[in-house]
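Engineer: Attaching a single structure in structure tokens format; questions to follow.
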Amino acid sequence: MTDQGPEPVASSGAAARVLSGLEEATWVLAGFEHLLRSGALSGEGLRLQTREDHAAASMLAAVGLVVGDDRPELANGLLELVSDGSLHTRHQAMISTLRQVATSMGIVAAHDGDGWAAQDDDTLLAQGKSSALGGTMLAMYAIPSLEGLSERFAAGGDFLDIGVGVAELAAAFCEAMPNARVVGIDVLPRVLALAQQTITARGLRDRLEVRLVAVQELTDVAKFDLAWMPAPFLPEEVFPVGLRRVHDALRSGGWLVVGAGRFDDDALATSVTRWKTLRSGGTPLTPDDARASLDSAGFVEIRELPTPPGAPALYAARKKPTT
């Protein structure tokens, strides 16, 4: 994280320009979302059909994401980003973010409850769909790189998804690992009802089970080979207790992967990550915090896994194998 922030604004005019710029950035996001939703922007590039499409593209041009006046095209960097197969995931993440902001500002009515319980079903569904890529990434990258997991999941393997939500991540993991069995836990009955819809739609009732249970109340012992634990979804008072329960629930030599917001970026990104994590009732976990917490819970072989730009930080840790 950089120590040097921007120069403090020195006049009301400068402050007004900063605030106007923030409002304009929100509209740029809305324009990007419009192009995705209308199909004008895809992994193949831009196909602008309407005046609204062209106006939205001009906003992206103003921030360098689109180039060309007569025949606008995606800038090379954006084209590379949207050609990696994650466009749908990014779209859903954007919808979730905008809806969370709207709920925070009182524009979208909040449900009773705090944190994620305050979000409506459409926001929860969008957030869940945006997480689906995480299940695929765990299967494609974590399992081959963490000792012993490839062999376990080739023969079957049991995966614990903590904070399963609408079960999109769990379903994606099932589809990527066809011999795996998955248990997902969550504390919100409303979200588990949505998860059941996902399970039914994907035909996964025989392999994917969801339970209404908090991680600090988990009683499984030596049941799972791999667990996923997203710190931004777990309260600070729950997280350390949950780590110990997950440690008990893993088989000897099993692995835990913890997802966390990044706190090593620039000052704005770090501040935003911390604020939205705390507001949603989650745990802001720095690299030092992650290592200390995992060590205290009895894990060994603690490491940070490589992730692409813009992705959460991932920390892997192992339950010590018995000899």
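The values are calculated or read from the model by the stated rules, or taken from the named source; none is laboratory data. Note that the structure is a prediction, hence the values are computed from the model and not measured. Please note: Cβ atoms are built from the backbone with ideal geometry, for glycine as well, and neighbour counts cover all protein chains shown.
Engineer: If a residue must be exposed (fewer than 14 other Cβ atoms within 10 Å of the Cβ) and outside any loop (DSSP other than H, G, I, E, B), how many such residues does segment 38-52 contain?
Structural biologist: Looking only at that region, the number is 1.
Engineer: So, one more: Considering only segment 126-144, I want to know if a residue exists there that is of a type in the set (Ser, Thr, Tyr), in contact with a Pro (Cβ under 8 Å, 6 or more places away or on another chain) and more than 24 Å from Leu192 (Cβ to Cβ).
Structural biologist: No, because not a single residue in segment 126-144 is of a type in the set (Ser, Thr, Tyr), in contact with a Pro (Cβ under 8 Å, 6 or more places away or on another chain) and more than 24 Å from Leu192 (Cβ to Cβ).
Engineer: Another question, if that's okay. Search segment 65-119 for residues being on the phi > 0 side of the Ramachandran plot and within 18 Å of the chain's Cα centre (by Cα), and hand back the single one that is surrounded by the fewest Cβ atoms within 10 Å (Cβ to Cβ).
Structural biologist: Checking each candidate, the answer is Gly85.
Engineer: Tell me which helices (runs of 4 or more DSSP H) are completely within segment 164-271 and hold 2 or more residues being aliphatic (A, V, I, L, M) and surrounded by fewer than 16 Cβ atoms within 10 Å (Cβ to Cβ), or say none if there are none.
Structural biologist: So the answer is 189-202.
Engineer: Still on this model: Looking at Ala61, Ala55, can you tell me which residue is over 23 Å from Ser96 (Cα atoms), assigned to a helix (DSSP H, G or I) and either under 28 Å from the mean Cα position of the chain (by Cα) or assigned by TED's automatic domain parsing to the domain that holds Val272 (or both)?
Structural biologist: Matching residue, one of Ala61, Ala55: Ala61.
Engineer: Of everything in segment 143-163, what is among the aliphatic types (A, V, I, L, M) and part of a loop (DSSP other than H, G, I, E, B)? Give them in sequence order.
Structural biologist: Residues satisfying the conditions are Leu146, Ala155.
Engineer: Examine segment 91-112 for a residue that is more than 30 Å from Gly165 (Cα to Cα), outside the structural domain of Val191 (by TED's automatic domain parsing), part of a helix (DSSP H, G or I) and free of Cβ contacts under 8 Å to residues at least 12 places away in the same chain, and state whether such a residue exists.
Structural biologist: No - not one qualifying residue is present in segment 91-112.
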